[in-house]
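To start, the structure itself, in C-alpha coordinates.
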Amino acid sequence: MLELKLADYKAEKQPDWCPGCGDYGILSALQMALFELKRDPSQTAVFSGIGCSAKTPHYLNVYGVHTLHGRVLPVAQGAKLANPHLTVVAVGGDGDGLGIGAGHFVAAGRRNVDMLYILYDNEVYGLTKGQAGPTLGLGEKTKSLPKPNPQSRLNPLLLAFAAGYTWIARGYAYDVKGLKELIKEGIEHRGLAFLHVLQPCPTYNDLHTKEWFAPPGFTSSRKRATTPMSPQGFPRRSWTSKMMLFQEKALEWGERIPVGVFWKAELPTFEARLKAYLPRYPEAYPARGPEAPLDLEG
Ligand code: SF4
(Lines give C-alpha, C1' and ligand atoms only; values in the text may rest on other atoms or scores of the structure.)
Protein backbone atom coordinates (compact mmCIF):
# COMPACT_ATOMS: atom_id res chain seq x y z
CA MET A 1 0.00 0.00 0.00
CA LEU A 2 1.43 3.37 -1.01
CA GLU A 3 1.63 6.01 1.72
CA LEU A 4 1.09 9.13 -0.35
CA LYS A 5 -0.31 12.53 0.53
CA LEU A 6 -2.45 14.73 -1.72
CA ALA A 7 0.53 17.05 -2.15
CA ASP A 8 2.52 14.18 -3.67
CA TYR A 9 0.31 14.42 -6.80
CA LYS A 10 1.00 18.14 -7.29
CA ALA A 11 3.91 19.31 -9.43
CA GLU A 12 6.11 22.17 -8.24
CA LYS A 13 5.06 24.27 -11.23
CA GLN A 14 2.09 26.54 -10.43
CA PRO A 15 -0.84 26.85 -12.89
CA ASP A 16 -0.87 30.05 -14.95
CA TRP A 17 -4.49 29.93 -16.10
CA CYS A 18 -6.53 33.16 -15.89
CA PRO A 19 -8.06 33.96 -12.48
CA GLY A 20 -11.41 32.22 -12.12
CA CYS A 21 -10.79 29.71 -14.93
CA GLY A 22 -12.70 26.45 -14.53
CA ASP A 23 -9.50 24.54 -15.27
CA TYR A 24 -8.43 25.00 -11.64
CA GLY A 25 -11.43 23.05 -10.37
CA ILE A 26 -10.86 20.21 -12.82
CA LEU A 27 -7.17 20.00 -11.91
CA SER A 28 -8.00 19.88 -8.18
CA ALA A 29 -10.64 17.21 -8.73
CA LEU A 30 -8.22 15.09 -10.77
CA GLN A 31 -5.48 15.39 -8.13
CA MET A 32 -7.92 14.44 -5.37
CA ALA A 33 -9.31 11.51 -7.37
CA LEU A 34 -5.84 10.04 -8.05
CA PHE A 35 -4.94 10.50 -4.38
CA GLU A 36 -8.13 8.89 -3.06
CA LEU A 37 -7.76 5.97 -5.48
CA LYS A 38 -4.14 5.66 -4.28
CA ARG A 39 -2.87 5.45 -7.83
CA ASP A 40 0.89 5.02 -7.96
CA PRO A 41 2.26 8.18 -9.69
CA SER A 42 4.91 6.03 -11.37
CA GLN A 43 2.11 3.96 -12.93
CA THR A 44 -0.12 6.88 -13.90
CA ALA A 45 0.04 8.97 -17.07
CA VAL A 46 -2.00 12.01 -18.08
CA PHE A 47 -2.07 13.03 -21.74
CA SER A 48 -3.26 16.30 -23.26
CA GLY A 49 -3.82 17.86 -26.67
CA ILE A 50 -3.44 21.59 -27.34
CA GLY A 51 -5.28 24.40 -25.59
CA CYS A 52 -5.49 25.94 -22.13
CA SER A 53 -6.57 22.60 -20.66
CA ALA A 54 -3.55 20.92 -22.24
CA LYS A 55 -1.33 22.37 -19.52
CA THR A 56 -2.93 20.00 -17.00
CA PRO A 57 -0.15 17.34 -17.09
CA HIS A 58 2.42 20.05 -16.30
CA TYR A 59 0.80 20.58 -12.90
CA LEU A 60 0.55 16.94 -11.84
CA ASN A 61 3.31 14.86 -10.35
CA VAL A 62 2.61 11.82 -12.55
CA TYR A 63 3.87 10.97 -16.02
CA GLY A 64 2.56 13.42 -18.57
CA VAL A 65 2.61 13.91 -22.32
CA HIS A 66 1.55 17.15 -24.03
CA THR A 67 0.69 15.92 -27.54
CA LEU A 68 -0.47 17.61 -30.76
CA HIS A 69 -3.71 19.44 -31.47
CA GLY A 70 -6.57 16.94 -31.57
CA ARG A 71 -4.27 13.92 -31.22
CA VAL A 72 -4.48 13.18 -27.53
CA LEU A 73 -6.68 10.09 -27.86
CA PRO A 74 -4.47 8.09 -30.27
CA VAL A 75 -1.40 8.76 -28.12
CA ALA A 76 -3.16 7.91 -24.85
CA GLN A 77 -4.71 4.74 -26.29
CA GLY A 78 -1.32 3.67 -27.64
CA ALA A 79 0.28 4.10 -24.22
CA LYS A 80 -2.45 2.07 -22.54
CA LEU A 81 -2.17 -0.75 -25.07
CA ALA A 82 1.63 -0.81 -24.72
CA ASN A 83 1.37 -0.95 -20.92
CA PRO A 84 -2.08 -2.17 -19.81
CA HIS A 85 -1.19 -1.66 -16.15
CA LEU A 86 -0.97 2.12 -16.49
CA THR A 87 -3.75 4.35 -15.21
CA VAL A 88 -4.36 6.51 -18.27
CA VAL A 89 -6.27 9.79 -18.30
CA ALA A 90 -6.57 11.93 -21.44
CA VAL A 91 -7.65 15.57 -21.18
CA GLY A 92 -8.51 18.26 -23.70
CA GLY A 93 -10.86 21.06 -24.59
CA ASP A 94 -14.00 21.02 -26.74
CA GLY A 95 -12.09 22.54 -29.67
CA ASP A 96 -9.28 20.03 -29.39
CA GLY A 97 -11.49 16.95 -28.96
CA LEU A 98 -14.57 17.79 -31.02
CA GLY A 99 -13.05 20.05 -33.70
CA ILE A 100 -9.79 18.85 -35.17
CA GLY A 101 -9.89 15.73 -32.98
CA ALA A 102 -13.47 14.68 -33.81
CA GLY A 103 -12.41 11.72 -35.96
CA HIS A 104 -10.27 10.36 -33.15
CA PHE A 105 -13.08 10.95 -30.66
CA VAL A 106 -15.41 8.73 -32.69
CA ALA A 107 -12.80 6.07 -33.47
CA ALA A 108 -11.91 5.76 -29.78
CA GLY A 109 -15.53 4.97 -28.93
CA ARG A 110 -15.45 1.99 -31.28
CA ARG A 111 -12.43 0.51 -29.47
CA ASN A 112 -13.28 0.77 -25.76
CA VAL A 113 -9.69 1.00 -24.49
CA ASP A 114 -9.68 0.99 -20.67
CA MET A 115 -9.02 4.67 -19.85
CA LEU A 116 -10.73 7.98 -19.04
CA TYR A 117 -11.12 10.97 -21.34
CA ILE A 118 -12.04 14.30 -19.71
CA LEU A 119 -13.39 17.00 -22.03
CA TYR A 120 -13.07 20.56 -20.67
CA ASP A 121 -15.98 22.37 -22.34
CA ASN A 122 -15.87 26.18 -22.27
CA GLU A 123 -17.39 26.58 -25.78
CA VAL A 124 -14.46 28.66 -27.05
CA TYR A 125 -10.86 28.29 -28.21
CA GLY A 126 -9.41 30.03 -25.14
CA LEU A 127 -5.74 29.68 -26.05
CA THR A 128 -6.20 31.50 -29.37
CA LYS A 129 -8.38 34.43 -28.25
CA GLY A 130 -11.84 32.91 -27.95
CA GLN A 131 -13.05 31.81 -31.36
CA ALA A 132 -16.31 29.79 -31.33
CA GLY A 133 -15.77 26.18 -30.28
CA PRO A 134 -17.87 23.21 -31.47
CA THR A 135 -20.17 23.37 -28.42
CA LEU A 136 -21.19 27.03 -28.72
CA GLY A 137 -24.86 27.33 -29.68
CA LEU A 138 -26.25 28.65 -32.94
CA GLY A 139 -26.72 32.43 -32.80
CA GLU A 140 -24.75 32.82 -29.57
CA LYS A 141 -22.26 35.68 -29.46
CA THR A 142 -19.53 35.81 -26.85
CA LYS A 143 -17.56 39.01 -26.32
CA SER A 144 -14.72 37.58 -28.40
CA LEU A 145 -16.87 37.09 -31.54
CA PRO A 146 -17.61 39.91 -34.01
CA LYS A 147 -20.88 38.23 -35.11
CA PRO A 148 -23.21 35.57 -33.64
CA ASN A 149 -22.14 31.97 -34.14
CA PRO A 150 -23.56 30.70 -37.47
CA GLN A 151 -22.99 27.02 -36.60
CA SER A 152 -25.05 24.63 -34.45
CA ARG A 153 -23.96 23.26 -31.10
CA LEU A 154 -22.46 19.79 -31.14
CA ASN A 155 -23.68 17.69 -28.19
CA PRO A 156 -20.68 15.77 -26.74
CA LEU A 157 -22.83 13.30 -24.81
CA LEU A 158 -24.88 12.25 -27.83
CA LEU A 159 -21.74 11.90 -29.96
CA ALA A 160 -20.04 9.78 -27.30
CA PHE A 161 -23.12 7.58 -27.07
CA ALA A 162 -23.31 7.11 -30.84
CA ALA A 163 -19.58 6.31 -30.98
CA GLY A 164 -19.86 3.59 -28.33
CA TYR A 165 -18.28 4.99 -25.16
CA THR A 166 -19.18 2.60 -22.35
CA TRP A 167 -19.35 5.13 -19.48
CA ILE A 168 -20.64 8.65 -20.11
CA ALA A 169 -20.98 11.38 -17.51
CA ARG A 170 -21.13 15.14 -17.10
CA GLY A 171 -19.74 17.31 -14.30
CA TYR A 172 -19.27 20.98 -13.49
CA ALA A 173 -15.83 22.50 -12.91
CA TYR A 174 -16.83 24.49 -9.81
CA ASP A 175 -18.37 21.45 -8.14
CA VAL A 176 -14.98 20.01 -7.28
CA LYS A 177 -16.21 17.34 -4.87
CA GLY A 178 -18.83 16.06 -7.28
CA LEU A 179 -16.33 16.13 -10.12
CA LYS A 180 -13.79 14.19 -8.07
CA GLU A 181 -16.32 11.41 -7.50
CA LEU A 182 -17.10 11.27 -11.23
CA ILE A 183 -13.39 11.12 -12.12
CA LYS A 184 -12.87 8.28 -9.64
CA GLU A 185 -15.74 6.34 -11.14
CA GLY A 186 -14.53 7.03 -14.68
CA ILE A 187 -11.01 5.80 -13.86
CA GLU A 188 -12.39 2.65 -12.24
CA HIS A 189 -14.78 1.92 -15.10
CA ARG A 190 -13.63 -1.06 -17.13
CA GLY A 191 -13.51 0.38 -20.67
CA LEU A 192 -13.48 3.82 -22.29
CA ALA A 193 -15.02 6.43 -20.00
CA PHE A 194 -16.02 9.91 -21.19
CA LEU A 195 -16.47 12.79 -18.75
CA HIS A 196 -17.90 16.03 -20.16
CA VAL A 197 -17.08 18.95 -17.85
CA LEU A 198 -18.88 22.29 -18.11
CA GLN A 199 -16.23 24.90 -17.51
CA PRO A 200 -16.53 28.71 -17.40
CA CYS A 201 -13.89 30.69 -19.33
CA PRO A 202 -14.15 34.13 -17.69
CA THR A 203 -11.78 35.70 -20.21
CA TYR A 204 -13.64 34.94 -23.45
CA ASN A 205 -17.05 33.40 -22.69
CA ASP A 206 -19.31 36.03 -21.11
CA LEU A 207 -22.46 34.00 -21.81
CA HIS A 208 -22.03 30.85 -19.72
CA THR A 209 -20.21 32.28 -16.73
CA LYS A 210 -20.10 30.97 -13.19
CA GLU A 211 -22.88 33.48 -12.46
CA TRP A 212 -24.95 31.92 -15.27
CA PHE A 213 -24.36 28.45 -13.86
CA ALA A 214 -25.05 29.66 -10.32
CA PRO A 215 -26.98 33.00 -10.31
CA PRO A 216 -26.32 35.39 -7.36
CA GLY A 217 -28.12 34.25 -4.26
CA PHE A 218 -28.58 30.79 -5.69
CA THR A 219 -29.74 27.89 -3.65
CA SER A 220 -28.63 24.46 -4.71
CA SER A 221 -32.00 23.99 -6.41
CA ARG A 222 -31.49 27.15 -8.52
CA LYS A 223 -27.98 26.29 -9.59
CA ARG A 224 -28.14 25.05 -13.14
CA ALA A 225 -25.52 22.32 -13.40
CA THR A 226 -26.58 20.37 -10.35
CA THR A 227 -29.51 18.20 -11.31
CA PRO A 228 -28.10 14.85 -10.20
CA MET A 229 -28.47 11.81 -12.39
CA SER A 230 -28.90 8.37 -10.92
CA PRO A 231 -25.48 7.07 -9.87
CA GLN A 232 -26.38 3.86 -11.66
CA GLY A 233 -27.20 5.55 -14.97
CA PHE A 234 -30.95 4.72 -15.22
CA PRO A 235 -31.15 1.31 -13.51
CA ARG A 236 -34.18 -0.98 -13.72
CA ARG A 237 -35.27 0.18 -17.14
CA SER A 238 -35.45 -1.55 -20.48
CA TRP A 239 -32.67 -0.93 -23.01
CA THR A 240 -34.97 1.14 -25.25
CA SER A 241 -36.26 3.33 -22.47
CA LYS A 242 -32.70 3.83 -21.18
CA MET A 243 -31.67 5.06 -24.62
CA MET A 244 -34.63 7.42 -24.86
CA LEU A 245 -34.02 8.78 -21.38
CA PHE A 246 -30.34 9.24 -22.20
CA GLN A 247 -31.20 11.34 -25.26
CA GLU A 248 -33.78 13.37 -23.37
CA LYS A 249 -31.34 14.13 -20.53
CA ALA A 250 -28.40 14.80 -22.86
CA LEU A 251 -30.44 17.45 -24.70
CA GLU A 252 -31.68 19.18 -21.53
CA TRP A 253 -30.08 22.65 -21.41
CA GLY A 254 -31.36 25.81 -19.76
CA GLU A 255 -32.79 26.40 -16.33
CA ARG A 256 -31.52 23.02 -15.21
CA ILE A 257 -28.64 21.01 -16.66
CA PRO A 258 -28.25 17.36 -15.65
CA VAL A 259 -24.90 16.24 -14.28
CA GLY A 260 -23.77 12.82 -13.13
CA VAL A 261 -23.54 9.43 -14.80
CA PHE A 262 -25.71 9.14 -17.92
CA TRP A 263 -24.62 5.76 -19.25
CA LYS A 264 -22.80 2.63 -18.18
CA ALA A 265 -22.28 -0.57 -20.13
CA GLU A 266 -20.11 -3.61 -19.54
CA LEU A 267 -18.52 -4.57 -22.86
CA PRO A 268 -15.19 -6.25 -23.69
CA THR A 269 -12.29 -3.82 -23.75
CA PHE A 270 -10.03 -3.40 -26.76
CA GLU A 271 -7.31 -5.07 -24.69
CA ALA A 272 -9.46 -8.22 -24.35
CA ARG A 273 -10.21 -8.20 -28.07
CA LEU A 274 -6.49 -7.89 -28.85
CA LYS A 275 -5.71 -10.83 -26.62
CA ALA A 276 -8.10 -12.95 -28.65
CA TYR A 277 -6.14 -12.15 -31.83
CA LEU A 278 -2.62 -11.72 -30.44
CA PRO A 279 -1.58 -14.47 -28.02
CA ARG A 280 1.57 -12.55 -27.11
CA TYR A 281 -0.40 -9.56 -25.84
CA PRO A 282 0.45 -9.10 -22.11
CA GLU A 283 -0.75 -12.17 -20.27
CA ALA A 284 -1.02 -10.36 -16.96
CA TYR A 285 -3.98 -8.36 -18.28
CA PRO A 286 -6.70 -8.09 -16.99
CA ALA A 287 -5.53 -6.99 -13.58
CA ARG A 288 -8.94 -5.86 -12.25
CA GLY A 289 -11.14 -8.93 -12.51
CA PRO A 290 -12.97 -10.72 -15.29
CA GLU A 291 -13.90 -9.08 -18.57
CA ALA A 292 -17.39 -8.90 -20.06
CA PRO A 293 -18.03 -11.87 -22.41
CA LEU A 294 -16.14 -11.51 -25.66
CA ASP A 295 -18.15 -11.92 -28.88
CA LEU A 296 -16.03 -10.98 -31.87
CA GLU A 297 -18.97 -11.59 -34.20
CA GLY A 298 -21.10 -8.98 -32.43
FE1 SF4 B 1 -9.14 29.54 -18.76
FE2 SF4 B 1 -10.29 30.93 -20.71
FE3 SF4 B 1 -8.09 31.87 -19.52
FE4 SF4 B 1 -7.95 29.74 -21.11
S5 SF4 B 1 -8.51 31.83 -21.74
S6 SF4 B 1 -6.96 29.97 -19.09
S7 SF4 B 1 -9.91 28.70 -20.67
S8 SF4 B 1 -10.10 31.57 -18.56
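What's the tally of Lys pairs in region 1-145 whose alpha-carbon atoms lie under 20 angstrom apart, where the two lysines are 8 or more places apart or on different chains?
So the count works out to 9.
Sort 172, 277, 125 from largest to smallest accessible area, using a 1.4 Å probe on the heavy atoms of the protein chains. Intermediate values should be presented prior to the final figure.
Numbers: 172 5, 277 150, 125 65 Å².
Putting 172, 277, 125 in descending order of accessible area: 277, 125, 172.
Compute the FRET efficiency between residue 276 and residue 58 as 1/(1 + (r/R0)^6), taking r as their Cβ-Cβ distance and R0 = 35 Å, and round to the nearest 0.05. Walk me through the numbers before you get to the answer.
On the way: r = 38 Å, r/R0 = 1.09.
Calculated value: 0.40.
Hey, can you grab everything whose amide H is under 5 Å from the amide H of residue 263? Only 5+ residues off in sequence or another chain; H modelled, so Pro and N-termini drop out.
168
Given the chain reduced to its alpha-carbon atoms as identical point scatterers, what log10 I(q)/I(0) does the Debye formula return at q = 0.09, 0.12 Å⁻¹?
Each listed q corresponds, in turn, to -0.42, -0.75.
Could you give the nm distance between label points at residue 11 and residue 158, where each point is 7 Å from its Cα heading toward the beta carbon?
Label at residue 11, label at residue 158, 3.7 nm between them.
Which percent, nearest 5, of DSSP beta bridges in region 80-212 are antiparallel? Working shown, then result.
Values: 2 of 20 bridges.
Restricted to region 80-212, the bridges split so that about 10 percent are antiparallel.
Hand me the GluC sites (Glu not before Pro) from region 1-105 located in a DSSP loop with no more than 16 other Cβ atoms within 10 Å, in residue order please. Write down the numbers at each step before the final one.
On the way: sites: 3, 12, 36; in loops: 3, 12.
Sites meeting the loop and neighbour criteria: 3, 12.
Before rounding to the nearest 500, sum -39500 (n - 2.57) across all DSSP H runs of length at least 4 in the chain and divide by the residue total; then give [θ] at 222 nm in deg cm²/dmol.
My calculation for the chain gives -8000 deg cm²/dmol from helical runs alone.
What does the accessible area per residue of the chain come to in Å², with a 1.4 Å probe and no ligands, DNA or RNA counted? Kindly include the intermediate steps, with their values, before the conclusion.
Working: 13670 Å² over 298 residues.
Value for the chain: 46 Å² per residue.
At a probe size of 1.4 Å, how large is the accessible area of residue 18, to the nearest 10 Å²?
About 60 Å², rounded to the nearest 10.
Taking the chain as a Gaussian network, where each spring joins two C-alpha atoms under 10 Å apart, which residue of 256, 111, 280 fluctuates the most?
Most flexible of the set in this elastic network: 280.
Measure off, as a whole percent, the carbon and sulfur share of the 1.4 Å-probe accessible area of the chain, all protein chains present. Don't skip to the end; give the middle numbers.
Working: 7870 of 13670 Å².
After summing per-atom areas, the C and S share lands at 58 percent.
Under a 1.4 angstrom probe, counting protein chains only, how are 249, 180, 10, 264 ranked by accessible area, largest first?
Details: 249 50, 180 20, 10 100, 264 75 Å².
My answer, sorted largest first, is 10, 264, 249, 180.
For 209, 269, give me the order by solvent-accessible area with a 1.4 Å probe, most accessible first, ignoring ligands, DNA and RNA.
Numbers: 209 30, 269 0 Å².
Output order, biggest surface exposure first: 209, 269.
Starting from the eigenvalues of the Cα gyration tensor, five times each then square-rooted, give me the equivalent ellipsoid semi-axes of region 140-205, largest first, whole Å. Show your work: numbers first, answer last.
Numbers: eigenvalues 155, 60, 7 Å².
Equivalent-ellipsoid dimensions as semi-axes: 28, 17, 6 Å.
The values are calculated or read from the model by the stated rules, or taken from the named source; none is laboratory data. The structure displayed is predicted, hence computed values, not measured ones. Backbone-built Cβ (ideal geometry, glycine too); neighbour counts: all protein chains shown. With ligands, DNA and RNA removed, areas are computed over all heavy atoms of the protein, side chains included. Shrake-Rupley method; radii C 1.70, N 1.55, O 1.52, S 1.80 Å.
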